[in-house]
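The values are calculated or read from the model by the stated rules, or taken from the named source; none is laboratory data. In this text, all values refer to a predicted model and were calculated from it rather than measured experimentally. Here the Cβ is made from the backbone with ideal geometry for all residues, glycine too, and neighbour counts use every protein chain on show. Each accessible area value is taken on the protein alone, full model and side chains, heavy atoms only, with ligands, DNA and RNA left out. Shrake-Rupley method; radii C 1.70, N 1.55, O 1.52, S 1.80 Å.
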There are 2 protein chains.
Amino acid sequence: MIEVPILWYLAPIGSISALLFAAIFFYQVKKQDPGNERMQEIALHVREGAFAYLKQQYKGVGIFFLLAFVVFQIMAWGLKVLHPLIPFAFLTGGIFSGLAGYIGMNMATLASNRTAQACTQSLNKGLKVAFRAGSVMGLTVVGLALIDISIWFYVLNILKFPLEKITVIMLSFGMGASTQALFARLGGGIFTKAADVGADLVGKVEADIPEDDARNPATIADNVGDNVGDVAGMGADLYESYAGSILATAALGMGAVTQIWGNDTSMLLRFITAPMVLAGIGALLSILGVFIVSTKEHAGTHELMFALNKSVYTSSILIAIAAFFITKWMLPADYYFGVFISAIIGLVAGILIGWFTELDTSHSFRTTRSISKQGEYGPATVILEGIAVGMRSTAAPVITIVVGILLAFISSHGFESIEMGLYGIGFGAVGMLATLGVTLAMDAFGPIADNAGGNAQMSHLPEDVREMTDNLDSVGNTTAATGKGFAIGSAALTAMALLAAYLEEVRNGFHLLELKLGKIPYLNINYSASISDRIPVSEATVKDFITFYQINVLNPKFLLGIFIGAMVAFVFSSLTIKAVGRAAGKMVKEVRRQFKEIPGIMEGKGTPDYARCVTISTKGAQQEMVLPALVGILTPIIIGLLFGVAGVLGVLVGALTSGFVLAVMMNNAGGAWDNAKKFVESGKFGGKGSSSHKATIVGDTVGDPFKDTAGPCINILVKLMSMVSIVFAGLIVGYSLHLETIKPPLSSTGLKKDMHNWVEWVSESEQQLIEASQVQEPVNTHKSDSTKAIKP
Amino acid sequence: MIEVPILWYLAPIGSISALLFAAIFFYQVKKQDPGNERMQEIALHVREGAFAYLKQQYKGVGIFFLLAFVVFQIMAWGLKVLHPLIPFAFLTGGIFSGLAGYIGMNMATLASNRTAQACTQSLNKGLKVAFRAGSVMGLTVVGLALIDISIWFYVLNILKFPLEKITVIMLSFGMGASTQALFARLGGGIFTKAADVGADLVGKVEADIPEDDARNPATIADNVGDNVGDVAGMGADLYESYAGSILATAALGMGAVTQIWGNDTSMLLRFITAPMVLAGIGALLSILGVFIVSTKEHAGTHELMFALNKSVYTSSILIAIAAFFITKWMLPADYYFGVFISAIIGLVAGILIGWFTELDTSHSFRTTRSISKQGEYGPATVILEGIAVGMRSTAAPVITIVVGILLAFISSHGFESIEMGLYGIGFGAVGMLATLGVTLAMDAFGPIADNAGGNAQMSHLPEDVREMTDNLDSVGNTTAATGKGFAIGSAALTAMALLAAYLEEVRNGFHLLELKLGKIPYLNINYSASISDRIPVSEATVKDFITFYQINVLNPKFLLGIFIGAMVAFVFSSLTIKAVGRAAGKMVKEVRRQFKEIPGIMEGKGTPDYARCVTISTKGAQQEMVLPALVGILTPIIIGLLFGVAGVLGVLVGALTSGFVLAVMMNNAGGAWDNAKKFVESGKFGGKGSSSHKATIVGDTVGDPFKDTAGPCINILVKLMSMVSIVFAGLIVGYSLHLETIKPPLSSTGLKKDMHNWVEWVSESEQQLIEASQVQEPVNTHKSDSTKAIKP
């Protein structure tokens, strides 16, 4: 066991504190007035529906995890291409993520009626309950992710695992978290939109009853959907981003230290633990952030919004200061400042993206209003304008990310050491997400307020309570833009860092094969016949791997992988959109049936069969989430087996770039359509009931699966594909059909075999020969330089 | 002057024959019965409108070309980063392309009334006139492109230009053709959709008069639009693809020969001329193909369709056979068969993509019918289903292209010599497009039939004539799928080949700087201090450039370029969609005004002001095409100046992959929406006037700019960006801020500077020193191997 730096203990301390405060806030909210009997009954319906869904969801996901666990065991013990602990790491990642979703939803479903009740007193009271409930979600996610990381790290370290093994094993619980996140987002997204569309299409349009009307059988399902999609889904999503960024950065620290300092364990330990420490402090600052919000007691809407934003900005500034000291204390003098700057860049990029999102989707600004205006010409022009807005809106976030990544890379000395530059990029993501506890709380209180509104409506509370919950909802929507910016920005940064982490796992894949074959792998680059031109895999840098696998622009396997990756992002979106359509179709039929068959339902005398609608949404979500998830999981494996490592990296790059742009487009188009409709509803361009309104409703309906299902899922998809590649790296190295595994006949014609590199497996006696031959040469100072320059 | 292979003369012979037959067919069509006075008058209106537009368009484009010409002159004589002949090559590329569009449209506008008149006799007669007119377009494009290439090649060869210079200069007239094509497609696409939407929205929906009604002021503009968009636009588009594929392949032949055979001029000549010869034979076969169609005299619709398809398939089989003999006679024994197989793969890929397009967009199949069915639920579900269909439909073409490119690369020995593999990919594109004369004729007769229908309607010909022209139109739509497949497939292949051609131009950029500075450039790779580790630029392979510029997955400049490229495809689409919207808005206002202000217009007594609508569409198109075109042209230059060669290649890869997928999505979604509407109109799901019909009309309106403006323009955009990069390669090499131009201080810490490569400019005396040092070494046999392996 290696002594960890004392600062590391901030990680478990931060996580335990976060969980502690989550528990405290949970009971604080729970002991609030739950409202009258009707309110409690409605809330209970939603709560039961939500738990019924979650039970079903976890059962389905559980089966998947079990199957994956079996496959991993075969890979670990049968094919020996996986470390035996990885299946367990995978499981804990999934379980903790699921647990976070469960706790968050438990809180959210308790909070809806309590928020509604609080709103009968004052807007501020309502905000406080909703925000506290949201912060339970935020702190739980942060706390559970960080405690999972801390425990694994501590235990593996005690068990004397070498550090490079520890980072490898831990990274793989990212895959558990991503899988859980994809299912949660997909299932939740399909559930909520099926119920939403079903409720609206039959209730609002056909039967002409208002939204959230208790006579509508799908209305409870709709409220359940807000919980399972926006609360549990988003929780799992950000759990994954958060854990992924910390773990990927730790893995990259491995590469950076090895390249610059060689086998310096103490240095390695500092690089690996630094992101955990930053996250730990971030968790503590998040708790502080939650309290900052709660100090304001008697404020108006705008002041509340300011208070909320202030809390995010304060924690951002504090985490920036903390990042300075942590990097200064933990990292070497030549490098800490660059890495610190990277963290700042990450933070700023996140805030900027949130800002641009706001500009392009809020109806306070021109862009969204232009969509409302098109309503005058009918639905077609609303759709065209929305799509155009969505596509155009990709420019600012892409440029922000591009500039941010480049600056983070440069400031972390990336041009001198690629590995250090990548570590900086990862650190930027960690900086951005360090205060997730409070930014997620911002995000989560929106759906809680939404649900409170539903509760108020169905319980026939006075109109002004409904107005207050709507106000809360709109405050939530505004502050949520920042949260979204962080989520999108960190996803891009983390995915970029995972590309490099993947190459580290390729090395590990070779190591596993080495253990299996009892021979040592050497990379034979550029069809060289010379024995001295071989690089032992254990000493190969990331750059050597790139040369070996020819992961460059003219390798068709790489380039075509990019094509496939781009295509997968589109096909995946198509599958999710169609899934929503199919599930919604079933819901429409059911609601129509109930309206026809249940006597007295329209007069409020007959009770609608709420549970049946919940079941339909649940079943629909469960069936429909399988195919898109499989596309994401299987593509990198299949392409890997066919095209090898270069193909996999191509797929990841294609999915990352196209997926990022497509996700921003769909999120922003969806958000803009939603708000364009709200703008018309606020009385502009004819107001409610006008033909403009009808046209913008079409836009909103199209936007729903864009922004709540396909868009958010793509971000997870991209990271899940990276995680799958990482876990399957050993399989691809050992079993792919790629040409690197075949030793070609040496050419006698003088024609260089441009793309025939191969691996040479040598026994120990052969190895001594090679080493002897290499010592004879006056190699230049860079031990792992693939281009061996010889001085004459 | 080097003696060209005798077979080369097939290129000028083919092109002159094509032009000759185009002239014959032109006069054959012209002497057909032009119909009654009314028909001639309507046709004249359209003809005048079309020429008025074309005049305006060419004026605008002329100004742009003039400006570009001046900029190029400055680059050539001032900065000395461009060969002085390139501005002229650029001009001829643009002028010949414009000429092809002019002739094609001249024919098309003469053919509309003649086709309508022929339809009064028989369907077959109508088809013959329309198809002959279409083949004038096809043969003109092929003839002009090939004659341009032949003349430049012949003259430069006579003037004793070295072959490598010839390929470089000629490639740059690809930029002229691409620029012309982008403007033609953009301007035409905006014009036609503005007129279409304007005519439909006010005429059909508001005033309730049928399509192509003479009372509608926008109806002439609508028919003009079919000509300028679908005829002239498509002609320029395919002119560019055709010339681009031949020129890019010739340029790649240069690299392949240099790498394998060194300075073998006769071999080089064979590689450079082979694609021209194949194209020449293709031109001859196209003429044959046109005649095959015309043999069938008294057949029904299905037989006609079969006859049309037969002609494409026959020419495809014949070109395949020709490709075998050409490669066998012209290329060396070890390589010809692989290159031949590449050509076959190209052909098959083109046919397959056409087939998949048909499956996903024709209402004979399930996919499109599923959209019609969604009409029952309203416009929102129609839109969602169409987008889902479009996104899903990207899978088959992408997989076809991926497999095709990979197989072409492998079969042409790409794993042994990247350059040979790329030559094979280029040859695949040439094979696919060799019979363009006949496939383009298939494409072009559709809009002619469409216009004939308009003419029949406005001239109040009997209903059954309109029915026949509609039948012709639908025959055209079906056969056009194959043409589209060829266009899309060849665009991807050509763009891929252009990536490599770009690197050849980078070498040329160095050469220009060498002339300017009087010093010789050496690539210093991997921060090596060793004098012997330098590679003279003139001997560097494509692979050396990749190593030098680090165009690999972990270079942030490359990766972020991919992000930018993907984003540009989306932003460009957004701009074109909004351009259509704005231009259509103006048209709507004008049509409304005329309906209100011109007395007796609705009773058919007042004459609408057709010309004014044409002017509005013309102006709209001219204004709106500037911004999207500038985005395409400036992005690679700006990114190049900031991020260097790696950034440029990233942008090209990102735009190619995302752009390809996005273009397929938009084309297919648009096509499917169009046909879904037609399916409902044929009486299904309620038929004309039902709510389903209204919902599918919304889909069709959204799809119009997708499939006729944004989608087709993206393909051109991608190639234009490549062409711009190629022409500006010298500027980027000499003036970009990228780090390769800065010589870093040698590190004494032992830390390898991962990304600090630089160019060393040495005088001739220094060069002798270097060469002496390199001779001392026992370098391995591969003269340009960047990884110099030393035997102990």
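A compact table of results
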item: Members of the range A:357-398 that are in a helix (DSSP H, G or I), more than 8 Å from chain B (Cβ to nearest Cβ) and surrounded by fewer than 24 Cβ atoms within 10 Å (Cβ to Cβ); result: A:Glu358, A:Leu359, A:Arg366, A:Thr367, A:Arg369, A:Ser370, A:Lys373, A:Glu376, A:Ala396
item: Restricting the range B:562-590 to residues that are in contact (Cβ under 8 Å) with a residue 40 or more places away in the chain and more than 28 Å from the chain's Cα centre (by Cα), the residue that is farthest from the other protein chains (Cβ to nearest Cβ); result: B:Glu590
item: Filter result (more than 7 Å from chain B (Cβ to nearest Cβ) and farther than 20 Å from B:Leu422 by Cβ) within the range A:539-561; result: A:Glu539, A:Ala540, A:Thr541, A:Asp544, A:Phe545, A:Phe548
item: Residue tally, condition aromatic (Phe, Trp, Tyr) and not in a helix (DSSP H, G or I), over the range B:608-642; result: 0
item: Criterion (open to solvent by less than 10 Å² (accessible area, probe 1.4 Å) and over 19 Å from the mean Cα position of the chain (by Cα)) met by exactly one of A:Ala663, A:Ala655, A:Ala676; result: A:Ala676
item: Residue in the range B:114-128 that is at positive phi and in a loop (DSSP other than H, G, I, E, B) present; result: no
item: Within the range B:465-509, tally of residues that are acidic (Asp, Glu), in contact (Cβ under 8 Å) with a residue 24 or more places away in the chain and under 27 Å from B:Ser112 (Cβ atoms); result: 1
item: Test: residue in the range B:216-237 that is out of contact with any strand residue (DSSP E or B) (no Cβ under 8 Å at 6 or more places or on another chain), more than 14 Å from chain A (Cβ to nearest Cβ) and closer than 18 Å to B:Val4 by Cβ; result: no
item: Positions within the range A:409-420 being at the interface with another protein chain (Cβ under 9 Å from one of its Cβ atoms) and closer than 21 Å to A:Ile353 by Cβ, in sequence order; result: A:Phe409, A:Ile410
item: Selection count, the range A:535-555, where residues are in a helix (DSSP H, G or I), within 30 Å of the chain's Cα centre (by Cα) and not charged (D, E, K, R); result: 4
item: Where B:Arg466 falls short, out of the listed (1) surrounded by 24 or more Cβ atoms within 10 Å (Cβ to Cβ); (2) at pLDDT below 85; result: (1)
item: Among residues of the range B:424-444, those that are under 14 Å from B:Gly483 (Cα atoms), outside any loop (DSSP other than H, G, I, E, B) and among the β-branched types (Val, Ile, Thr), counted; result: 2
item: Positions within the range A:439-464 being acidic (Asp, Glu), touching a residue at least 12 places away in the same chain (Cβ under 8 Å) and over 19 Å from A:Asp200 (Cβ atoms), in sequence order; result: A:Asp443
item: Single condition B:Ala307 does not satisfy, out of (1) free of Cβ contacts under 8 Å to residues at least 60 places away in the same chain; (2) in a helix (DSSP H, G or I); (3) open to solvent by 50 Å² or more (accessible area, probe 1.4 Å); result: (3)
item: Any hit, the range A:421-437, residues being farther than 30 Å from A:Phe291 by Cβ, facing another protein chain (nearest Cβ under 7 Å) and of a type in the set (Val, Ile, Thr); result: no
item: Given (1) part of a loop (DSSP other than H, G, I, E, B); (2) hydrophobic (A, V, I, L, M, F, W, C); (3) modelled with pLDDT of 90 or more, index of the condition B:Ala133 fails; result: (1)
item: Filter result for the condition that a residue is outside any helix (DSSP H, G or I), farther than 23 Å from A:Val339 by Cα and over 17 Å from the mean Cα position of the chain (by Cα), over A:His413, A:His460; result: A:His460
item: Long-range neighbours under 8 Å by Cβ, at least six apart or interchain, first residue away from every other protein chain (no Cβ under 14 Å) and closer than 17 Å to A:Ala495 by Cα within the range A:243-261, second at pLDDT 90 or above and open to solvent by 10 Å² or more (accessible area, probe 1.4 Å); result: A:Gly253/A:Leu268
item: Hits in the range A:586-605 (condition: touching a helix residue (DSSP H, G or I) at 6+ places or on another chain (Cβ under 8 Å) and either of a type in the set (A, V, I, L, M) or closer than 20 Å to B:Gln374 by Cβ (or both)); result: A:Lys586, A:Met587, A:Val588, A:Glu590, A:Val591, A:Arg592, A:Ile601, A:Met602
item: Failed criterion for A:Asp212 (all others in (1) on the phi < 0 side of the Ramachandran plot; (2) touching a helix residue (DSSP H, G or I) at 6+ places or on another chain (Cβ under 7 Å) hold); result: (1)
item: Conditions (1) in a helix (DSSP H, G or I); (2) open to solvent by 10 Å² or more (accessible area, probe 1.4 Å): number failed by A:Gly421; result: (2)
item: Checklist (1) in contact with a helix residue (DSSP H, G or I) (Cβ under 7 Å, 6 or more places away or on another chain); (2) closer than 30 Å to A:Gly509 by Cα; (3) not in a helix (DSSP H, G or I) applied to A:Gly35, failing item; result: (2)
item: Flag for A:Ile103 being part of a helix (DSSP H, G or I), β-branched (Val, Ile, Thr), out of contact with any strand residue (DSSP E or B) (no Cβ under 9 Å at 6 or more places or on another chain) and modelled with pLDDT under 90; result: no
item: Check on B:Arg593, surrounded by fewer than 18 Cβ atoms within 10 Å (Cβ to Cβ) and without any contact (Cβ under 8 Å) to a residue 12 or more places away in the chain; result: yes
item: Scan of the range B:317-337 for residues that are in a helix (DSSP H, G or I), open to solvent by 10 Å² or more (accessible area, probe 1.4 Å) and small (Gly, Ala, Ser), ordered by number; result: B:Ala320, B:Ala322
item: Residue among A:Gly189, A:Gly233 that is under 13 Å from A:Ala583 (Cα atoms) and either of a type outside the set (A, V, I, L, M) or open to solvent by 10 Å² or more (accessible area, probe 1.4 Å) (or both); result: A:Gly189
item: Odd one out for A:Gln57, checked against (1) of a type in the set (S, T, N, Q); (2) open to solvent by 50 Å² or more (accessible area, probe 1.4 Å); (3) part of a helix (DSSP H, G or I); result: (2)
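Conditions tested, residue by residue: (1) under 27 Å from the mean Cα position of the chain (by Cα); (2) farther than 25 Å from A:Asn113 by Cα; (3) of a type in the set (A, V, I, L, M).
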{"position": "A:Lys193", "(1), (2), (3)": "yes, no, no"}
{"position": "A:Ala207", "(1), (2), (3)": "no, yes, yes"}
{"position": "A:Ala218", "(1), (2), (3)": "no, no, yes"}
{"position": "A:Val231", "(1), (2), (3)": "yes, no, yes"}
{"position": "A:Tyr242", "(1), (2), (3)": "yes, yes, no"}
{"position": "A:Gly255", "(1), (2), (3)": "yes, yes, no"}
{"position": "A:Thr258", "(1), (2), (3)": "no, yes, no"}
{"position": "A:Leu285", "(1), (2), (3)": "yes, yes, yes"}
